[in-house]
Amino acid sequence: MRVFILVSHGFTTSKIKDFYKAGRLDIAIHSIIHAFFISNGLRKDVEFNLLLYGPPKPPKRIKIVSNLETPWSKKDVGSLIRIALWKYEKGKKEVLKGVYVDSKGLEEVLEEYKDFKIFILDKSGKNVEEVKMEKNSVFVLGDFLGLEKEHFETAKKYGEIISLGNTIYFTSQCITILNYIYDKFFGCEYWDTSFKFKVNF
């Protein structure tokens with residue numbers, strides 16, 4: 001199982017009109033796409049924890065677990081986030097198939113994965129090429145502002161700091177690179193979704 005934890009400044013309300021202006025939730029959308037989707041396939045072994053620390057009522061955690069029945073597509077992950085927050089406001093916790101929402105912060109989420117190998121992405125860390133992945137690995141990432149100091153210090157108590165080198169990549173690109181490295185160690189299991197996109201010429 002590969003797990004991604006994205007600590008985001010995204011807003012914690014379902015009343016989102018512009019994802020870019022809502023704490024750069026567009027970054028979260030791209031990151032979710034890169035975590036789960038490959039060409040004509042959906043990865044089977046991924047969990048994604050989106051931790052929202054923006055207004056009005058942080059924190060909120062949207063947890064997405066690989067599930068072929070999740071009503072989403074690469075084209076409309078934004079609606080998934082909006083609906084998840086709306087249903088949570090209505091009192092639901094399992095808001096969609098494979099999608100859960102609660103008010104847990106980073107430390108509580110890391111506690112859930114304390115038996116996993118936890119890696120924190122930061123340019124000060126050990127080069128990822130020198131790191132041995134484990135089958136159950138967690139990757140903690142920040143958004144466009146990086147990890148706030150308090151979150152970085154919290155994460156350090158649980159895991160190892162690793163780096164993708166001197167180049168600063170987008171968060172979604174970091175996830176793609178990490179998936180590539182993890183795939184080299186453990187392979188890539190996925191559901192074939194090509195049947196959804198067949199085109200007759």
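The values are calculated or read from the model by the stated rules, or taken from the named source; none is laboratory data. None of the values given here were measured: they were computed from a predicted structure. Cβ atoms come from the backbone with ideal geometry, glycine included; neighbour counts cover every protein chain shown.
General remarks:
- Which listed residue, of Ser137, Ser79, is under 18 Å from Thr12 (Cα atoms), in contact with a Phe, Trp or Tyr (Cβ under 9 Å, 6 or more places away or on another chain) and polar (S, T, N, Q): Ser79
- Within region 39-53, considering residues that are at negative phi and either hydroxyl-bearing (Ser, Thr, Tyr) or not in a strand (DSSP E or B) (or both), the one modelled with the lowest pLDDT: Ser39
- Screening the candidates Lys104, Lys21, Lys87 for the property of being more than 12 Å from the chain's Cα centre (by Cα), assigned to a helix (DSSP H, G or I), basic (Lys, Arg) and surrounded by fewer than 19 Cβ atoms within 10 Å (Cβ to Cβ) yields one hit, Lys87.
- Test for Lys63: is it in a loop (DSSP other than H, G, I, E, B), under 29 Å from Phe186 (Cα atoms) and in contact with a Phe, Trp or Tyr (Cβ under 8 Å, 6 or more places away or on another chain): no
- Pairs with Cβ under 7 Å, 6+ apart, first in region 107-119 and touching a residue at least 40 places away in the same chain (Cβ under 8 Å), second assigned to a helix (DSSP H, G or I): Glu107/Thr154; Leu110/Ala155; Ile118/Leu110
- If you check Val101, Val138 for being touching a helix residue (DSSP H, G or I) at 6+ places or on another chain (Cβ under 6 Å) and modelled with pLDDT of 95 or more, only one passes: Val101.
- Glu150 vs. criteria surrounded by fewer than 16 Cβ atoms within 10 Å (Cβ to Cβ), at pLDDT 95 or above and outside any strand (DSSP E or B): yes
Results for (1) surrounded by fewer than 19 Cβ atoms within 10 Å (Cβ to Cβ); (2) in a helix (DSSP H, G or I), shown as yes or no for each residue.
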| position | (1), (2) |
| --- | --- |
| Glu134 | yes, no |
| Val138 | no, no |
| Tyr169 | yes, no |
| Thr176 | yes, yes |
| Tyr180 | yes, yes |
